[in-house]
Amino acid sequence: LSTWSAVPAGPPDPILGITEAFKADKDPRRINLGVGAYRDEDGKPYVLNAVKKAEERISAAKLDKEYLPITGLPGFTSNAAKLAYGADSVPRNQNAIAVTQSISGTGALRIGGAFLARHYPHSKTIYVPSPTWGNHIPLFKDSGLEVKYYRYFDKKTVGLDFEGLKEDLQNAPEGSIVLLHACAHNPTGVDPTQSQWKDISDFVAEKKLFPFFDMAYQGFASGSTDRDAFAVRYFVSQGHQIALSQSFAKNMGLYGERVGAFSLTTANEEERKRVDSQLKIIVRPMYSNPPLHGAHIANTILSDPELYQEWEGEVKGMADRIINMRERLYQLLSNDFRTPGEWSHVKSQIGMFSFTGLNKEQCKVLAEKAHIYMTMDGRISMAGLNGRNIEYFAKSVDAAVR
Ligand SMILES: Cc1[nH+]cc(COP(=O)(O)O)c(CN[C@@H](CCC(=O)O)C(=O)O)c1O
């Protein structure tokens, strides 16, 4: 009897499995709207110019391949915190933010989950939005936290269910952890307004909930890294202690380089040092220390004003192309094809994704009949659309909903 005879076949990943199905489809009309990865107007992955320039400098510097410290490249973690919290954030000026480099956003969330499971002194339950990024659930469960949900999306208005969100979080046990998407909510593309964020900050404080921000798209939502960090900076300015996971996969196009950071705001420098020591104790047995190259790229960009400027321009360019695709798709569905249903949400949603409202059956038909691939919750990665395929996409959606 084989050692592994009891191992069951597991299901394909709901997001990454879509790319596998797309690759297996050889029809020239195929479109991949599954994975949230930017594609340019020619449907090609995009390596930013700022990244290419940073890599030229790095190779010219002839760096060695020595281990990084457990918490990663010091310049990178400090610059990542500055990007997120802002140059004038109080805890940053008090040297009270504990930061570690991570294996991109997923790794940051995982370190955060493990740290909270081990050290968080209150309820080890994390409330995540319904719906949320699929990987949040197994990731936090595997970290040892109990996962519960708070209402987030209103199918009727295809918008934020703010009243439901508020009620669920106000009914959560005091001291519960609450996961908040800082901007560009995945999969709905629906974000709270700045005044709603202020409300949320108030009742999160009232109920003594612990905010864990997932900021995987800073700069990618509105095109401004400052604007997209509003919620994080507002909460910190209101005195909340937060956890934050950052990803540079999308806004720097460093997907496969796995560049991210996890941070915790603390009371002061002495406490930050204690927290930092415990972050190291979590990371060391997990993967010991993080990869070099991506952190050097990100740090080269973040620490050089000229490259930083160029990078911000490119992030805005990516965000603008997506916003342009939203506008175009809306016009096609509502004006050209007069597709049944209300489609303004395609325009009003923000970030990488549009939550189309297509049901599972329609998603399956689009894959099988039109060779168009999206996740089964009706989410499409807008960056997969471009001038050459957007009409075909709109026409196929029109046929699928009629
Ligand atoms: C909200 C969120 N948080 C964290 C991550 C982690 O990304 P990374 O930095 O690469 O570890 C992603 C990526 N999610 C998109 C990319 C593919 C994936 O699922 O992973 C997606 O939802 O398509 C998110 O959408």
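Where a number appears in this text, it was derived from the coordinates with a stated rule and is not lab data. Keep in mind it's a predicted model, so treat the numbers as computed, not measured. Cβ sites come from the backbone with ideal geometry, for glycine too, and all protein chains shown count toward neighbours.
Couple of notes before you dig in:
- Chymotrypsin sites (Phe, Trp or Tyr not before Pro), loop per DSSP, at most 15 other Cβ atoms within 10 Å - longest free stretch of the chain: 68-402
- Spin-label zone in the range 88-108 - amide nitrogen under 18 Å from a point set 7 Å from the Cα of Tyr67 along the C-beta vector: 100-103
- Here the scattering of the chain is modelled by Debye summation over its C-alpha atoms, one equal scatterer each and no solvent; at q = 0.06, 0.11 Å⁻¹ the log10 of I(q)/I(0) is -0.24, -0.83.
- Cα-centred dipole magnitude for the range 247-397, charges only on beta-carbon of K, R (+1) and D, E (-1), debye, nearest 20: 580 debye
- In Hz, Karplus ³J(HN,Hα) per residue of the range 209-217 (6.51, -1.76, 1.60; θ = phi - 60°; x = Gly, Pro): 6, 9, x, 10, 8, 10, 10, 9, 9
- Whole-angstrom Cα spans of the range 243-348 along principal axes, big to small: 61, 33, 27
- Hydrodynamic radius (Kirkwood) for the range 1-103, which is based on Cα pairs only, to one decimal in Å: 19.1 Å
- Under a 5 Å amide H cut-off, with hydrogens placed 1.01 Å from N, Val35 pairs with Thr19 among residues at least 5 apart or on other chains.
- Under 5 Å, built H, 5+ apart or other chain: amide partners of Phe213: Leu180, Ala243, Leu244, Ser245
- In range of the label at Asn324: residues from the range 28-50 whose backbone nitrogen is under 18 Å from the point 7 Å along Cα→Cβ: 38-49
- Virtual spin-label span in nm between Gln309 and Ala87, 7 Å along Cα→Cβ: 1.4 nm
- Once the chain from Asp154 to Lys23 is taken as fully extended at 0.36 nm per residue, the excess over their C-alpha distance is 43.8 nm.
- Over the chain, relative contact order from alpha-carbon pairs under 8 Å, at least 6 apart, %: 26 percent
- Exposed loop sites here are GluC sites (Glu not before Pro) assigned a DSSP state other than H, G, I, E or B and surrounded by at most 14 other beta carbons within 10 Å; excluding them, the longest clear run of the chain is 175-341.
- Bridges between two residues of the chain, per DSSP, are antiparallel at a rate of about 50%.
- Computed from the alpha carbon atoms alone, the convex hull of the range 291-387 holds 136 Å³ per residue.
- Distance distribution P(r), the range 1-55, all Cα-Cα pairs, bin width 5 angstrom from 0: 4, 14, 15, 17, 12, 11, 11, 6, 6, 4, 1, 0 percent.
- Between the listed residues Gln241, Ile297, Gln309, the Cα displaced farthest toward the positive end of the dipole of the range 220-320, a dipole computed from Cβ unit charges relative to the Cα centre, is found at Gln241.
- Segment Gln94-Glu206, length gained on full extension (0.36 nm per residue, minus Cα span): 37.8 nm
- Computed from label points 7 Å out along Cα-Cβ, the spacing between Arg118 and Thr3 is 2.7 nm.
- Dipole magnitude for the range 26-167: computed about the Cα centre from +1 point charges on Lys and Arg Cβ and -1 point charges on Asp and Glu Cβ, it is near 220 debye.
- Ratio Rg/Rh, restricted to the range 139-292 and using Cα atoms, in which Rh is the Kirkwood radius: 0.97
- Put in line by how crowded their Cβ is, counting other Cβ atoms within 10 Å and starting with the fewest, Lys23, Lys124 read Lys23, Lys124.
- The chain - charge dipole about Cα centre, Lys and Arg +1 at Cβ, Asp and Glu -1, debye rounded to 20: 640 debye
- Cα-based Kirkwood hydrodynamic radius, the range 73-166, one decimal, Å: 15.5 Å
- For the chain, built as a Gaussian network whose Cα springs stay under 10 Å, the top-fluctuating residue of Thr157, Thr188, Thr100: Thr157
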